[in-house]
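Novice: Before we start, here is the structure in question, set down as C-alpha cells.
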Amino acid sequence: MHNNQIVEVSPTGIHRNLQKSVAKYFFPYEFIESNWRLWTFIIIIALGSWALIAYPVNPMNGYIDPFYSPTVLIVPIPGLFRLTCYAYRKDYHRHLFHHPLACENTEREDSATRRYTGEKNAVFQFENLHRYMLYAGILLLPFFYYDFYVSLTYANSLRIGSLVILANALTLTAWTLSCHAFRHLIGGNIDCYSCARAGGARNSVWRIQSWWNSHHEALAWISLLTIFFTDLYLRGLAAGLPIDHILFNF
Ligand code: FES
C-alpha cells in the first residue's frame with residue numbers, strides 16, 4: 001500500500017466491527033449470532049409441553065387448540081418433524097454444534113481447524129428419519145381442517161377464531177408441502193422426466209413445488225408463530241377476553 005493511499009472505511013463497517021468486538025467480550029457467541037427461529041422453537045416446545053400438562057385448554061365454543069389436535073400427538077410428531085426439518089437443522093447445526101462450517105461462519109476463530117466430518121454420528125443419522133416424519137405430518141394435516149370445519153358448524157357462523165384456526169392450518173400445510181423430502185418424493189427422485197410415467201405432469205408439479213420450496217425457511221418460521229398465536233388466542237378466549245366476534249352467520 002502506498003503511503004498516500006487513502007483507505008476508505010465506511011462508518012457502518014466501523015460500527016459493525018466495534019459492535020462485534022464489544023459483544024465478543026461480553027456475550028457468548030450464540031447471543032451475538034442469535035438465531036431466533038431456533039430459540040423460538042425451543043421455547044415454544046418447552047412452554048407448550050408444560051402448558052399442555054399444567055394448563056390444558058379444553059375445547060370451547062367449537063374451538064380446539066392446535067396443541068391438542070388430534071390429541072397430544074401434536075407435540076411428538078410435528079415436534080420431531082420440525083426438529084429434523086432442514087431449516088431447523090441448519091439452525092442448530094450452525095449455531096449450536098458449529099457443524100458443518102458455512103460461509104456465515106468464516107469469521108469464527110476455529111474456522112481453519114474445524115473439519116467437516118459428515119453425518120456419521122448417531123444423532124445426525126437420526127435426522128434422516130425426517131421423510132417418515134413428513135408422512136406422519138401429512139397425515140395430521142386434515143385434522144386441522146376438521147377443527148376449522150367444527151368451528152364453523154358449532155354456531156353456523158364464521159368467527160374470528162375460525163379464521164385464526166384456518167390461518168394456522170394453511171401455514172402448516174404450506175410449510176409441510178414445501179418440505180425438501182416432499183420435493184424429492186414428487187419429482188426430485190426422477191433422473192429423466194421424459195422417460196418416467198406421467199413425466200411431464202410430474203415435472204410441472206415439481207417445478208411449482210420447487211418455487212414453494214425456495215420459501216421453506218420462511219414458512220418454517222411463520223408456521224411456528226401461527227401455532228403459538230393460535231394457542232395464545234384460544235387461551236385468551238378461555239380467560240374470558242372479548243376477542244372473538246361473529247363475522248357472518250350462515
Ligand atoms: Fe423442513 Fe422437511 S425440510 S419440513
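The values are calculated or read from the model by the stated rules, or taken from the named source; none is laboratory data. Everything quoted here is computed from the prediction, not taken from an experiment. Please note: Cβ atoms are built from the backbone with ideal geometry, for glycine as well, and neighbour counts cover all protein chains shown. Only protein heavy atoms, including side chains, enter the accessible area calculation; ligands, DNA and RNA are left aside. Shrake-Rupley method; radii C 1.70, N 1.55, O 1.52, S 1.80 Å.
Novice: Could you tell me whether residue 66 is within 28 Å of residue 173 (Cα to Cα), open to solvent by 40 Å² or more (accessible area, probe 1.4 Å), away from the ligand (no atom under 16 Å from the Cβ) and modelled with pLDDT of 80 or more? Explain how you work it out, then say what you get.
Specialist: On the way: within 28 Å of residue 173 (Cα to Cα): yes; open to solvent by 40 Å² or more (accessible area, probe 1.4 Å): no; away from the ligand (no atom under 16 Å from the Cβ): yes; modelled with pLDDT of 80 or more: yes.
No.
Novice: What is the number of the single condition among (1) open to solvent by less than 20 Å² (accessible area, probe 1.4 Å); (2) at pLDDT below 90; (3) aromatic (Phe, Trp, Tyr) that residue 116 does not meet?
Specialist: Result: residue 116 passes all but (1).
Novice: Before we move on, is residue 79 surrounded by 12 or more Cβ atoms within 10 Å (Cβ to Cβ), at pLDDT 80 or above and touching a Lys or Arg at 6+ places or on another chain (Cβ under 9 Å)? Spell out the reasoning first.
Specialist: Working: surrounded by 12 or more Cβ atoms within 10 Å (Cβ to Cβ): yes; at pLDDT 80 or above: yes; touching a Lys or Arg at 6+ places or on another chain (Cβ under 9 Å): no.
The answer is no for residue 79.
Novice: Taking the criterion of being within 15 Å of the ligand (Cβ to nearest atom) and open to solvent by 30 Å² or more (accessible area, probe 1.4 Å), would at least one residue in the range 191-208 satisfy it?
Specialist: No, the range 191-208 contains no residue that is within 15 Å of the ligand (Cβ to nearest atom) and open to solvent by 30 Å² or more (accessible area, probe 1.4 Å).
Novice: Considering only residues of the range 17-54 that are of a type outside the set (Gly, Ala, Ser), part of a loop (DSSP other than H, G, I, E, B) and open to solvent by less than 60 Å² (accessible area, probe 1.4 Å), which is modelled with the highest pLDDT? Spell out the reasoning first.
Specialist: Within the range 17-54, the first condition is being of a type outside the set (Gly, Ala, Ser), and the residues that meet it are 17-20, 22, 24-33, 35-45, 47, 50, 52-53.
Now narrow it down to the ones that are part of a loop (DSSP other than H, G, I, E, B): 27-28, 33, 35.
Those still in the list that are open to solvent by less than 60 Å² (accessible area, probe 1.4 Å) too: 33, 35.
Working: 33: 57, 35: 73.
Selected residue: 35.
Novice: I need the helices (runs of 4 or more DSSP H) fully contained in the range 129-247, keeping only those with at least 1 residues that are farther than 25 Å from residue 91 by Cα and without any contact (Cβ under 8 Å) to a residue 12 or more places away in the chain.
Specialist: Values: elements: 130-154, 160-177, 180-183, 199-213, 216-238.
The qualifying helices (runs of 4 or more DSSP H) are 130-154, 199-213, 216-238.
Novice: From the set of residues in the range 143-178 that are out of contact with any Pro (no Cβ under 9 Å at 6 or more places or on another chain), open to solvent by 50 Å² or more (accessible area, probe 1.4 Å) and over 21 Å from residue 225 (Cβ atoms), which is farthest from the ligand (Cβ to nearest atom)?
Specialist: 156
Novice: Sort through 221, 206 and tell me the only one that's modelled with pLDDT under 90, touching a helix residue (DSSP H, G or I) at 6+ places or on another chain (Cβ under 6 Å), within 17 Å of residue 178 (Cβ to Cβ) and not basic (Lys, Arg). Spell out how you get there, then give the answer.
Specialist: Values: 206 fails: modelled with pLDDT under 90.
Selected residue: 221, the only one of 221, 206 that is modelled with pLDDT under 90, touching a helix residue (DSSP H, G or I) at 6+ places or on another chain (Cβ under 6 Å), within 17 Å of residue 178 (Cβ to Cβ) and not basic (Lys, Arg).
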